[in-house]
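**Q** This is the structure I want to talk about, given as C-alpha cells.
Where a number appears in this text, it was derived from the coordinates with a stated rule and is not lab data. These numbers were taken from a predicted model, which means no experiment stands behind them. Here the Cβ is made from the backbone with ideal geometry for all residues, glycine too, and neighbour counts use every protein chain on show.
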Amino acid sequence: MDLSIVIVSYNARDYLRACLASIYQHTADLAYEVIVVDNDSWDGSAEMVKGEFPQAALIRSPGNLGFAAACNRGIAQAQGEFLLLLNPDTEIADNAFAPLVTYARHHPRVGVLGPKLLNSDGSLQLSCRRFPSHLTGLFNRQALLTRLFPRNPFSSRYLMTDWDHDSVAEVDWLSGACMLISRRLVDDVGLLDEAFFFAIEDVDFCYRAHQAGYQVVYFPQVAVTHHIGKSSQTLPNRSILQWHRGMWRYYRKHMRRNPLVDGLTLVGIGARCGYQLAVQNGRRLLAGTRRSRRRRAARGGSG
C-alpha cells in the first residue's frame, strides 16, 4: 500500500461527499486506501459514506474526539507507506497525490510534505508559515495590524507573504488541511498530540519533525482546493475556544519562558479569544435581528 488517506469529518456531509468523489475520480498510479473517521456527526455523514462510498473504510467514533485524536484512530488502522491527513472540505481536480508520494519517496529526509492550497475562488491560500513567536498574536493573518498594514515586515515574515509560493521550499510548518506524512516520521516522533483538540496540532507536529531532524517541505507542483473554515462552522464558538486553547497548549509546550511573560501571553490569548467570540456572536445576533425584521415585514405586507 503506497498511501493511506485519513479524513476526519464532523457534520460536513456535503463537503465530505465532494471530497471523496474527487479522490476516487482523480487519484491514479497509486495503491491507496481511504479511511474516514466520523466524529459522531448528526448530519448523516457516516450513513452517506457507507451508502455511497463503500470502498472507503469507515470508523465511527462514539463521541467527538477532536481532530488530533480522531486522526490517530485512522493512522492506527492505516496500512500505507505514507499517510495523508486530509480535511473533508478539500477537493482535488487532478492526480495530486501521486506526485507527492513520488517526491517524498525520493527525498527520505522529508517527513512532512504539503501541496499548494487554493481558496474556493482559485486564489492562493497561505498554507505554510514560520513558527510562532511572541509577536505572532499581533501580526497573524487576522490581526488588526496585519489588516491595516499588510506589508509590514513582521506579518510578512510569519505569513511568508514575502515569497511567491511557486517553488519547492523547506518551511517551518504546513497546514494540516492536506499533509503528507512519512511512516518513518510517525515511528520516530509518535502520533499527533491529542491534547490539541482542534487546531495547532499541525504546528506542533511539524515542530517535532524538525526536532527529530526531518524536513517540512512545501510542494506547489500540485494543488488542492480547500474551502477553508467549512469544517468548523457547525460549532463556531467551540471552534474559537479550542483554537485558543491550542495556542496556549503550544506556548506552554514549546515557548514557555518566565512567569511574567507566561502571564502576559495567557492574558493576550484570552483577550484575543474574547474578542473573536464577541465578534462572532455579535454577527449572529445582528443576522438574527435582520431575519426577524424581514419576517415581520413580510407578514405585514401580506396582510
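**Q** Please verify whether ARG238 is without any contact (Cβ under 8 Å) to a residue 60 or more places away in the chain, farther than 23 Å from PRO115 by Cβ and out of contact with any Leu (no Cβ under 8 Å at 6 or more places or on another chain), treating the condition exactly as stated. Spell out the reasoning first.
**A** Numbers: without any contact (Cβ under 8 Å) to a residue 60 or more places away in the chain: yes; farther than 23 Å from PRO115 by Cβ: yes; out of contact with any Leu (no Cβ under 8 Å at 6 or more places or on another chain): yes.
Yes, satisfied.
**Q** With the condition kept exactly as written, say whether any residue in region 251-269 is in contact with a Leu (Cβ under 9 Å, 6 or more places away or on another chain) and among the hydrophobic types (A, V, I, L, M, F, W, C).
**A** no
**Q** Which ranges mark the helices (runs of 4 or more DSSP H) fully within region 171-269 that have 3 or more residues being touching an Asp or Glu at 6+ places or on another chain (Cβ under 9 Å)?
**A** 201-211, 236-254
**Q** Then there's this: I want to confirm something. Restricting to region 101-113 and keeping residues that are more than 21 Å from MET247 (Cβ to Cβ) and within 18 Å of the chain's Cα centre (by Cα), which single residue is surrounded by the fewest Cβ atoms within 10 Å (Cβ to Cβ)? It would help to see each step written out before you state the result.
**A** Within region 101-113, the first condition is being more than 21 Å from MET247 (Cβ to Cβ), and the residues that meet it are 101-111, 113.
Adding the requirement that they be within 18 Å of the chain's Cα centre (by Cα) leaves 111, 113.
Details: GLY111: 27, LEU113: 25.
For region 101-113, the residue satisfying everything is LEU113.
**Q** With the checklist (1) in contact with a Cys (Cβ under 7 Å, 6 or more places away or on another chain); (2) polar (S, T, N, Q); (3) surrounded by fewer than 23 Cβ atoms within 10 Å (Cβ to Cβ) in hand, flag the one item GLN79 doesn't pass.
**A** Among (1) in contact with a Cys (Cβ under 7 Å, 6 or more places away or on another chain); (2) polar (S, T, N, Q); (3) surrounded by fewer than 23 Cβ atoms within 10 Å (Cβ to Cβ), GLN79 violates only (1).
**Q** For region 247-291, give me each residue that is more than 24 Å from the chain's Cα centre (by Cα) and closer than 23 Å to ASP193 by Cβ.
**A** Answer for region 247-291, where residues must be more than 24 Å from the chain's Cα centre (by Cα) and closer than 23 Å to ASP193 by Cβ: ARG256, ARG257, VAL261, ASP262.
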